[in-house]
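As structure tokens, the structure follows; a few thoughts come after it.
The values are calculated or read from the model by the stated rules, or taken from the named source; none is laboratory data. Just so it is clear, the structure is predicted and the values come from calculations on it, not from any experiment. Neighbour counts run over all protein chains shown; Cβ positions are idealised from the backbone, glycine included.
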Amino acid sequence: MSKRQLELQEFIRHYSETYVRIKRRKTAKDSKWETAYFRSAEIENMEYVPVILHIKGKQVQENLLDIEVDTSFPKFGLYPHSAHGQCVLLVSRYPARQWRWGMCRNNTSVVNVFTKVPRFLSACRLLADRYGGQVLQNQLLLANLSFDETVAASVLEPEYQSYEKALEQVRDHEAAFSVIHQEWMVTVSPTSPGILLWRYDVPVAEVNLKGDKVRITEPLFYQEVLDFYSRQGITNVQIENR
């Protein structure tokens with residue numbers, strides 16, 4: 001068996017029955033990344049390696065040699081999920097030796113933070129009380145997430161908002177939350193008319209509705225908040241450490 005065949009066998013063994021991002025090279029010159037469930041593959045010869053994929057609920061067969069696979073693993077952090085309502089996923093990899101290198105339920109923890117962190121749920125309840133019960137209802141429907149293609153796509157193809165857009169969505173009550181980055185999000189505040197800035201699942205600062213004043217509520221995160229605004233290129237904001 002050639003070295004190339006051994007490499008393909010190793011690749012198939014580690015990525016079968018996992019979710020990955022792929023790019024089908026022969027479908028179009030400008031083919032885009034898409035989420036796929038890598039079901040199985042079998043080496044017939046070194047020119048054709050049929051692979052069974054599930055993409056957007058449909059089973060397709062492609063030549064593995066014509067597919068580009070993104071082998072990077074999702075980073076720990078926050079991911080917006082809106083396929084069946086709206087929630088935030090807190091994603092982490094189980095700290096144990098893994099034989100599957102793509103994302104699957106055996107190596108990846110995916111938690112709906114709204115139902116696992118009471119402070120998130122209280123913020124959601126507040127919005128539901130003010131503007132209708134659908135927001136809270138969506139969270140309860142998502143209490144027990146199933147690890148499916150919609151969840152995988154939210155993690156592998158996340159859609160983040162700019163800081164300005166995130167503030168606007170929460171301030172104008174378009175959403176209970178808006179995710180800016182894997183580390184950062186904003187939500188409605190359950191105790192004040194302002195906006196909460198979160199780092200992962202910890203509320204670290206209160207932001208006024210105009211977005212130009214920030215009060216640190218967790219002093220240990222002061223430097224992280226400064227770095228966040230610096231990376232965003234935002235200078236017209238007054239930051240006060242409690």
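In segment 187-232, how many residues are charged (D, E, K, R), under 20 Å from the mean Cα position of the chain (by Cα) and assigned to a strand (DSSP E or B)?
1
Kindly list, by first and then second residue, each pair from a residue in segment 51-62 that is in contact (Cβ under 8 Å) with a residue 40 or more places away in the chain and surrounded by 11 or more Cβ atoms within 10 Å (Cβ to Cβ) to a residue that is of a type in the set (Lys, Arg) and assigned to a strand (DSSP E or B), limited to pairs with Cβ atoms under 8 Å and residues at least 6 apart or on different chains.
Here the result reads His54/Arg39, each pair linking segment 51-62 to a residue that is of a type in the set (Lys, Arg) and assigned to a strand (DSSP E or B).
Whether any residue in segment 15-24 is touching a Leu at 6+ places or on another chain (Cβ under 9 Å), without any contact (Cβ under 8 Å) to a residue 24 or more places away in the chain and not assigned by TED's automatic domain parsing to the domain that holds Ser178 is what I want to check.
Among the residues of segment 15-24, not one is touching a Leu at 6+ places or on another chain (Cβ under 9 Å), without any contact (Cβ under 8 Å) to a residue 24 or more places away in the chain and not assigned by TED's automatic domain parsing to the domain that holds Ser178, which makes the answer no.
Where in segment 1-111 are the strands (runs of 3 or more DSSP E), entirely inside, with at least 1 residues that are of a type in the set (Asp, Glu)? It would help to see each step written out before you state the result.
On the way: elements: 18-24, 34-41, 50-55, 58-63, 67-70, 77-81, 87-93.
Those strands (runs of 3 or more DSSP E) span 34-41, 58-63, 67-70.
Name the single residue, out of those in segment 168-186 being within 16 Å of Val225 (Cα to Cα) and surrounded by 21 or more Cβ atoms within 10 Å (Cβ to Cβ), that is nearest to the chain's Cα centre (by Cα). Outline the logic, then answer.
The initial filter retains those residues of segment 168-186 that are within 16 Å of Val225 (Cα to Cα), namely 179-186.
Subset that is surrounded by 21 or more Cβ atoms within 10 Å (Cβ to Cβ): 179-180, 184-186.
Working: Val179: 9, Ile180: 11, Trp184: 11, Met185: 12, Val186: 15 Å.
Filtering first and then ranking leaves Val179.
Among the residues of segment 84-99, what is the count of those that are surrounded by fewer than 18 Cβ atoms within 10 Å (Cβ to Cβ) and either of a type outside the set (Lys, Arg) or modelled with pLDDT of 80 or more (or both)? Spell out the reasoning first.
Looking only at segment 84-99, we keep the residues that are surrounded by fewer than 18 Cβ atoms within 10 Å (Cβ to Cβ), and these are 84-85, 92-99.
This time we only want the ones that are either of a type outside the set (Lys, Arg) or modelled with pLDDT of 80 or more (or both), so: 84-85, 92-96, 98-99.
Here the count works out to 9.
Of the residues Tyr37, Tyr79, Tyr48, which single one is at pLDDT 85 or above and surrounded by fewer than 16 Cβ atoms within 10 Å (Cβ to Cβ)? Show your work before the answer.
Numbers: Tyr37 fails: surrounded by fewer than 16 Cβ atoms within 10 Å (Cβ to Cβ); Tyr79 fails: surrounded by fewer than 16 Cβ atoms within 10 Å (Cβ to Cβ).
Step by step, each of Tyr37, Tyr79, Tyr48 is checked, and only Tyr48 is at pLDDT 85 or above and surrounded by fewer than 16 Cβ atoms within 10 Å (Cβ to Cβ).
Residue check: is Glu240 charged (D, E, K, R) and within 25 Å of the chain's Cα centre (by Cα)?
Values: charged (D, E, K, R): yes; within 25 Å of the chain's Cα centre (by Cα): no.
Taking the combined requirement at face value, the residue does not satisfy it.
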